[in-house]
Structure formats: structure tokens, C-alpha cells
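The values are calculated or read from the model by the stated rules, or taken from the named source; none is laboratory data. Note that the coordinates shown come from a computational prediction; the quantities given were computed from them, not determined experimentally. Because the Cβ atoms are built from the backbone with ideal geometry, glycine has one as well, and the counts that use them run over all protein chains shown.
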Amino acid sequence: MKISIFKIIFLNLLLLSSLFSSTFEEDIKALDTKNFNEKESIVSNLATNYSEDDRLVLLLTKMLDGDLYIKNDDKDVLVLVKKETNSLFTKSLISGKDLESLEESSLEKVKTNNKLRSVIKSLLSQIDLFSSNIDKRLSSAKNILQNVSKDEEEIINKALSKEKDSDVKEILFEAKYIIEAKYYTGETQLNAVKNLGSFISSTSLATLKEISQSNESSEELKKVANSSLADVENIRTFYSFLETAFFGLSQGSVLLLAAIGLAITFGVMKVINMAHGELIMIGAYTTYTIQQLMPNLIEYSIIIAIPAAFIVSAIVGILIERLVIRHLYGRPLETLLATFGISLILQQVVRTIFSPLNQEVKTPSWMSGALEINSALSLTYNRLYIVIFALVVFLAVLFVMKKTSLGLKVRAVSQNRPIARAMGIKSSYIDALTFGIGSGIAGVAGVALSQLTNVGPNLGQAYIVDSFMVVVFGGVGNLWGTLIAAFSLGEINKFIEPFAGAVLAKVIILVFIILFIQKKPRGLFPQKGRDVEE
């Protein structure tokens with residue numbers, strides 16, 4: 001008898017617990033409301049009660065993106081998979097099944113406002129903060145730091161007690177100190193403000209500025225805040241200098257690629273090639289054409305475009321040399337006018353084939369994004385790759401010129417053409433080949449430029465003057481001079497730009513080069529040889 005009574009009591013308790021308990025599937029149906037405050041409360045409860053449920057992240061993400069729907073007839077909660085005209089392909093968040101195409105009118109979108117979206121972002125960050133994936137934890141900590149508030153103090157302290165990664169802990173400590181600096185008083189606030197002096201994020205900087213300028217801050221607090229602020233600004237100034245130096249290095253790499261081909265042709269053949277910029281443009285358009293022919297292989301298009309651009313530009317260069325320039329040797333003015341005319345013809349050909357509008361060349365994913373050193377310094381991958389690429393091209397050209405039979409013949413013709421002919425070197429053949437190599441390198445420069453700017457018919461015009469400045473400044477025909485001149489002018493330009501502006505910076509550099517060649521007409525590294533004076 002006693003056993004049966006206990007059974008009845010146990011069954012009643014089990015029944016009552018089932019009545020008062022709820023499940024994820026039941027709770028998410030409550031999102032079928034138009035009241036944003038209610039939705040905010042619902043998502044907060046979901047995050048509290050079902051933080052271990054994998055479906056929670058999907059629900060919050062889809063809700064944030066505006067891709068969460070509720071079915072009008074059975075109130076099933078659906079996430080959007082694909083949309084086609086008025087039909088939606090969805091998946092049930094409750095059953096996990098993919099549903100047939102549904103008309104948009106049969107569904108009700110779960111709408112959000114700015115406040116609710118902010119809450120969802122914060123909840124997603126908190127969920128990721130305890131993930132086993134370190135990248136998710138790092139990203140979550142950064143998101144919390146950007147929108148840090150007093151409400152997140154408890155979760156930050158909880159995460160700090162469990163976190164072992166030094167990078168994540170550093171960001172969480174910064175967020176903790178910001179909260180203490182903003183919302184605490186006395187010794188805790190003073191210590192927090194003092195500690196913020198070792199962090200360089202824009203959030204810490206803004207917090208310190210706010211405290212130092214606030215009328216409610218005590219004199220002692222303002223003094224500590226100003227001291228920390230000075231420390232942060234000094235560190236950020238140093239990293240800003242490094243960032244400017246990197247941009248100068250990047251611009252120098254572009255100038256090096258653009259000028260290295262000109263250094264060869266101008267140095268060997270003494271030809272002022274005003275169509276050099278258009279050969280760069282041809283390389284850029286070759287990259288664009290390859291991407292149009294291979295739309296599904298964007299990741300590999302740049303690698304394929306490098307040899308293709310070299311070959312196409314080299315062929316065009318050899319044709320220019322064979323058909324026009326070889327008839328004008330020894331007549332610099334006629335050569336200048338002829339190559340200027342060729343540049344206009346090439347521009348018009350491109351306008352006819354591709355249209356006069358700029359064309360966009362897609363950047364592969366491995367060249368996108370940036371290498372984040374810290375919150376004050378990021379190096380973009382595309383510029384980083386171009387710096388490396390420019391140095392590789394330079395070393396390859398240097399190897400060809402110094403260590404191969406072709407390079408020996410090119411240098412022989414460059415230094416003393418009559419003697420080179422007497423030794424059996426076919427100078428006309430070397431001229432054509434040299435012009436082809438120089439033009440090919442210009443085409444390769446176009447591949448690099450296509451990743452930094454839009455490709456258009458006037459692309460080359462922006463670099464022809466800069467290329468000549470680099471060659472003249474470094475020393476005609478000297479590759480090491482071209483390298484040093486390119487990086488020097490790139491750095492000088494980037495450090496002048498913040499004060500003088502982009503246009504005036506170029507003018508200042510041009511004036512500097514004019515004054516420099518008055519003193520050293522042959523450049524930094526003058527060419528050597530018996531016929532130099534000629």
C-alpha cells in the first residue's frame with residue numbers, strides 16, 4: 001500500500017514538472033510577437049537557458065540577418081536557405097527538416113530594430129566567448145570591447161577566470177578596466193585609468209579622453225587620465241609611423257615594378273618610351289581578360305595572369321621596337337613623339353575593345369583582408385604580397401642581367417655598342433629582346449596594379465612620369481639605383497602627403513629631383529662604360 005502511494009506521489013511530481021518546464025522548440029515560438037521589448041526579453045532568456053544548444057547561434061544569426069520566419073498556419077520557426085523571386089526555400093528550426101518552396105505571403109518575418117540587433121550581437125559575442133574555438137573567443141572579445149557596457153562585467157569576469165589564451169585575456173582585461181574606469185569610483189577607478197595607459201585601442205583612447213575632459217572627474221583622476229592618455233597617444237603615434245612607412249614601401253614597390261622595365265630599355269637603348277605606361281595598362285587588362293575567361297578560378301587567376309601579362313606585353317613591345325623604334329635610333333625627339341602617338345593608339349584600341357569605362361579586377365581571397373599586428377597597426381595582404389612580388393621580380397631581373405649570357409650581351413651593348421658589335425653580338429637582336437623584356441616587366445606591373453586600383457584606359461598615364469623620375473633619380477640603366485630610388489620616392493611621398501596633400505607632394509618630389517640632377521646629372525648610381533659620355 002505504501003509503495004503504491006509513493007508511486008502516485010512520484011508520478012504527480014513528474015507531471016507537474018513537465019507542466020512547468022519548457023523546451024527550446026516551445027520557447028522559440030514566443031518570437032511570434034510584434035513587440036520588440038518582448039522579443040528582446042525572449043532572446044535573452046533563450047541565451048540564458050539554451051547556451052549549449054547549437055541551434056541558438058543559428059537562430060540569433062538568422063534573426064540578425066533578417067532571415068528568420070514564422071509559418072502562418074502551424075507557427076513553425078523557419079530559417080531561410082535560398083530565395084527565388086517570390087518563393088522561399090526554408091529549413092525548420094524545430095524539426096531540422098528542409099521544407100518545400102513556400103510563398104512569401106505564407107510566412108511572417110521576425111523583424112528586428114536597432115536596439116534588438118545590438119542585443120543579439122552582444123548575445124552572440126557572449127556565446128562565442130566560451131567556445132572551444134580560440135578564433136571565435138578572440139573575435140567575441142573584440143566585439144565586446146567595441147561595445148563594452150556595465151551589463152557585461154559579470155560575463156567578462158567569468159571568462160577571465162576560465163580563459164588561458166594571452167591574447168584573449170589581454171582584450172578582456174582592457175574591457176574590464178574600461179568598465180571600472182567608467183562606472184567605478186575611488187581607488188578602483190584610479191587604478192583602472194592608470195592600467196588603460198598600456199592599451200592602445202580606440203575604445204581605451206576614447207574612454208581616457210572622456211574622463212580627462214569630464215567636469216565630474218576630480219583633479220587627481222584627470223591627472224592620471226592625462227598621463228595615461230599621453231602614453232597611449234605616444235604608442236599610437238609610433239605605430240602610425242610604422243603604418244605610413246609600410247604604405248611608403250608599398251608605393252615604392254609599385255614604382256619599382258613600373259620603372260624596372262623602363263630602366264632596362266632606357267638604359268640599354270637610350271629610347272624615351274612614352275608608351276611604357278600603356279604596356280602597364282595592357283598587363284592590367286590581360287589580368288581582367290583572364291578573370292572573364294575563368295570566372296570560377298578567381299583564386300588562381302593572378303598566378304596565371306603573371307606569365308600571360310608578361311608574354312602579351314612583351315610581344316606588343318617587340319612589335320613596337322621592330323616596326324617603329326628601330327627606324328628612329330639616334331633621333332630622341334622623333335622617338336619621343338612616335339612613342340607618345342603609340343600610347344594614344346593603344347589607349348584607343350583598349351577603349352574600342354573593352355569600353356572607356358573602368359573595369360574591376362576581383363581580388364583572390366588569399367590577398368584580401370589584413371594582417372592585424374595590434375589595434376593600431378594593420379598591414380593589408382594585397383600590399384604585402386605586392387612588396388614581396390616586386391622584390392622577387394627585381395631579384396629575377398638582376399639574376400638575368402648579371403648571371404646569364406643574355407644579361408652579359410645586354411650589358412655589353414649598353415656600355416659600348418660598337419665594340420659589342422665587333423665582338424659578334426647582334427645588337428639589333430639584343431635591342432628587340434631587351435625591349436621585349438622591359439615591356440614584359442611593365443605588363444607584370446600591370447597585374448600588381450590591378451589589385452590596387454580599377455583598370456581603365458588611362459591607368460598607365462598615372463605612372464609614366466613617376467617611372468621616369470625613378471629611373472633618372474636612381475641612375476639610367478642601374479637596377480640597384482632603380483630599387484633605392486623607387487623605395488626612397490615612395491617613402492618620401494607618403495610622409496609628405498599628410499601635410500601637403502597628394503598633388504603637392506608629387507610637385508615637391510619633382511622639384512627635389514630637378515634640383516638633385518643639377519648636382520648629379522647621372523643620378524645616384526651613374527652608368528659606367530666607355531661610351532657613357534656619348
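Would you kindly identify the helices (runs of 4 or more DSSP H) lying entirely within region 417-522 that contain at least 1 residues that are of a type outside the set (Asp, Glu) and not assigned by the TED database to the domain that holds ILE306? Give the steps one after another, and end with the answer.
Values: elements: 417-422, 427-449, 461-474, 479-500, 502-519.
In region 417-522, the matching helices (runs of 4 or more DSSP H) lie at 461-474, 479-500, 502-519.
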Would you mind telling me which numbered condition in (1) surrounded by 17 or more Cβ atoms within 10 Å (Cβ to Cβ); (2) outside any loop (DSSP other than H, G, I, E, B); (3) of a type in the set (S, T, N, Q) ASN234 fails?
-> (1)
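For residues that are free of Cβ contacts under 8 Å to residues at least 12 places away in the same chain and under 20 Å from the mean Cα position of the chain (by Cα), tally how many sit in region 381-402. Lay out the reasoning, then the answer.
So in region 381-402, the residues free of Cβ contacts under 8 Å to residues at least 12 places away in the same chain come out as 388, 392, 395-396, 399, 402.
Add one more test, that the residue is under 20 Å from the mean Cα position of the chain (by Cα), and what stays is 388.
Final tally of qualifying residues: 1.
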Index of the failed condition, ARG411 passing every other in (1) under 15 Å from THR265 (Cβ atoms); (2) buried (at least 21 other Cβ atoms within 10 Å of the Cβ); (3) not small (Gly, Ala, Ser) | (2)
So which residues in region 176-223 are under 20 Å from ASN234 (Cβ atoms) and outside any helix (DSSP H, G or I), if there are any at all?
-> PHE199, ILE200, SER201
Give me the pairs, please: first residue somewhere in region 480-502 and over 16 Å from PHE389 (Cα atoms), second residue anywhere and among the basic types (Lys, Arg), beta-carbon distance under 8 Å, and either six or more positions apart or on two chains.
-> ASN493/LYS506
Exactly one condition in (1) under 30 Å from THR33 (Cβ atoms); (2) in a loop (DSSP other than H, G, I, E, B) is not met by SER132; state its number.
-> (1)
What single numbered condition from (1) among the charged types (D, E, K, R); (2) under 30 Å from ASN416 (Cα atoms); (3) at pLDDT 85 or above fails to hold for LYS494?
-> (2)
Please tell me if LEU279 is within 16 Å of ILE342 (Cβ to Cβ), buried (at least 24 other Cβ atoms within 10 Å of the Cβ), of a type outside the set (Asp, Glu) and touching a His at 6+ places or on another chain (Cβ under 9 Å).
-> no
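Here is a yes/no grid of residues against (1) at pLDDT below 90; (2) farther than 25 Å from GLY481 by Cα:
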{"position": "ALA258", "(1), (2)": "yes, no"}
{"position": "LYS270", "(1), (2)": "yes, no"}
{"position": "THR287", "(1), (2)": "no, yes"}
{"position": "ILE290", "(1), (2)": "no, yes"}
{"position": "LEU297", "(1), (2)": "yes, yes"}
{"position": "ILE303", "(1), (2)": "no, yes"}
{"position": "ILE318", "(1), (2)": "no, yes"}
Regarding SER240, is this residue among the small types (Gly, Ala, Ser) and assigned by the TED database to the domain that holds ASN147?
-> no
